[in-house]
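Notes to accompany the following structure.
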Amino acid sequence: MPIEGLVFAERTEVGHSLRSSSFKGLSKRQTEVLRLAHQGLKAREIGQKLQINTITVNYHLSQARKKLDVKSSRVAAKLLFDFEESQERASEGRAEPLNKYLFLRIDELELSVRTATAILSTDRVFVGDLVQMTEYQVLRLPNFGRKSLVELKEVLAHFALRLGMDLPDWPPYNIEQLAEKVSIAEKVRGIPQVKLGTTFRPGRETLEIDFEGDESDETAASHPITQQLHQESRRKLEAFAESARSLDNQYGWSGITAANRRFIALLDRPTDGIPSVIGQVYSAALELGSFLELDNQIRSGELSFAESLRPEVRRPLEDLVKTVAPWVRRFPSAREIDNETGEFLSQITLVTHAQDATDFAVRNELIAQDIAEAVRGLLESSSRKGPVSYKASTRGVLSVRNMVIAAATAVTTVWLGAVGSELAPRSVVAQRAAEFLSSAEAPIVQLFKDLPSDIQLAISMLINQMNQEPFTLPSTPPDGRRSNISRKSKPSS
């Protein structure tokens, strides 16, 4: 694969490696459809815009996904957007950031002891020092043969690097600080958000919910029974709204009106739009179902802190839940989430830490109020016992974990974008994310306490960095020279 193609792949947020020729293989119509999809338009809206039917739009999206070798239309649209943006930057003659792997230390590469020892004997420290050597210079090293050369070239190629590179701006004046940030960023960006919780992505100024339905959900949405159940669920939600309002002043039932209102808002769209919000629909169904579990426990005598629902209120709620549950599970993504969430029930103690972290996120304007309300609604389900309530609170906890991961990624993305470049834009959401991570350290540490040690370490290292140093982009002195840093001198070759 060409070096430039790999460098581009490193800069894509979705982390997918592609050749430039992959994009050139797209037809004009496929490119048009992907551009509109990246703007957030649904298949029906794209069809209206291009004056073609929805089936044709879905066909072009399917072909584009095959050519780009991805499963999601959203990912395909994002890849095309990033590629076209990189082409535009190149045509304007703007400098690209240095490949982040140049800042790895040589002893961090997965090399055999013999090969690594020979290279380190040159007193070179970073990969950026190493790649400026030619093959001839490397082969002149003691105990370094052709076998070691092949091994080294394979490792460098994995990082889109090669021997004999010309790096006129190397090394940056603050290389030690940049290397530390790249190391932390790599650890943080390796932490995945889990599908069991609501997933987040950085918006312009806040973290936003990452709406992405499975492609097969679209097939489910087109089925007549799914569409009928959608309309029936919407009708029953609106019918229950009056009963829900009557419960607002009853002790123990606060929150049911807001839950019903959020559910109605989610269903206020055509059925083919449900796959894009299926995760939120699933959350809303859980939250509403947890109130029916609460009434069951009050009636059985397990709980006594509130009065049970009157028959004329319980009947429509029970009927509503019975309609919504099978409808939501018609979507493959919802079934997968539901099955896995049932197997993973979070510790109840994590709910309090998740609530605290959510409060800090709102205080730092990292998430919007409506998103915070939805997350809090799930977390508050922990006060109502039963399998549905436990699933709801588990999804709430995992959603907050995902929010923390998204905040950490927003910060480290700016770090990586700033490496070797003065042109990286300052990010409002990254600034807020940094302030959130620093202020919410205590609940965040507790939220990640039961996760693998490498994830805990990555989050802790990032928070420590936030506490030690204000969040700013790396800058270069006017003369471009590096500062006096603790580093062995580099011998001439």
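Scan region 59-87 for residues that are at pLDDT below 85 and either assigned by TED's automatic domain parsing to the domain that holds Leu130 or among the aromatic types (Phe, Trp, Tyr) (or both) and the total you get is 2. If you go through region 264-290 and pick out every residue that is within 22 Å of Ala43 (Cα to Cα) and part of a helix (DSSP H, G or I), you end up with 14. Scanning region 128-142 for residues that are free of Cβ contacts under 8 Å to residues at least 24 places away in the same chain and assigned to a helix (DSSP H, G or I) yields Tyr136, Leu139. In the set (1) in contact (Cβ under 8 Å) with a residue 12 or more places away in the chain; (2) under 30 Å from Phe436 (Cβ atoms); (3) exposed (fewer than 14 other Cβ atoms within 10 Å of the Cβ); (4) of a type outside the set (Lys, Arg), the condition left unmet by Ala361 is number (3).
All conditions in (1) farther than 26 Å from Glu336 by Cα; (2) at pLDDT 85 or above; (3) under 30 Å from the mean Cα position of the chain (by Cα) hold for Ala241, with the sole exception of (3). Restricting attention to region 284-316, the residues being at pLDDT 85 or above, polar (S, T, N, Q) and farther than 23 Å from Trp327 by Cβ number 1. Tallying residues that are small (Gly, Ala, Ser) and within 32 Å of the chain's Cα centre (by Cα) within region 287-344 yields 6. Checked against (1) closer than 26 Å to Ala220 by Cα; (2) surrounded by fewer than 20 Cβ atoms within 10 Å (Cβ to Cβ), Ser304 passes all but condition (1). Could you tell me whether Glu205 is outside any helix (DSSP H, G or I), modelled with pLDDT under 85, of a type outside the set (A, V, I, L, M) and in contact with a Pro (Cβ under 9 Å, 6 or more places away or on another chain)? So Glu205 fails the test.
Filtered by the rule that a residue be charged (D, E, K, R) and at pLDDT 85 or above, region 246-261 gives a lone residue, Arg261.
Only one of these conditions is not met by Arg262: (1) crowded, with 18+ Cβ neighbours inside 10 Å; (2) basic (Lys, Arg); (3) farther than 30 Å from Glu307 by Cβ. Which number is it? In the conditions (1) crowded, with 18+ Cβ neighbours inside 10 Å; (2) basic (Lys, Arg); (3) farther than 30 Å from Glu307 by Cβ, Arg262 misses (3) alone.
Take the residues of region 96-121 that are polar (S, T, N, Q) and crowded, with 19+ Cβ neighbours inside 10 Å: which is modelled with the lowest pLDDT? Here the answer is Asn99.
Taking the criterion of being free of Cβ contacts under 8 Å to residues at least 60 places away in the same chain, in a loop (DSSP other than H, G, I, E, B) and surrounded by 12 or more Cβ atoms within 10 Å (Cβ to Cβ), the residues of region 143-192 that qualify are Phe144, Gly145, Leu163, Gly164, Met165. Is it the case that region 50-57 has a residue that's assigned to a helix (DSSP H, G or I), of a type in the set (Ser, Thr, Tyr) and over 21 Å from Glu84 (Cβ atoms)? Yes - at least one qualifying residue is present in region 50-57.
The values are calculated or read from the model by the stated rules, or taken from the named source; none is laboratory data. Note that the structure is predicted; figures quoted are calculated from it, not measured. Note that we place each Cβ from the backbone using ideal geometry, even for glycine, and neighbour counts take in every protein chain shown.
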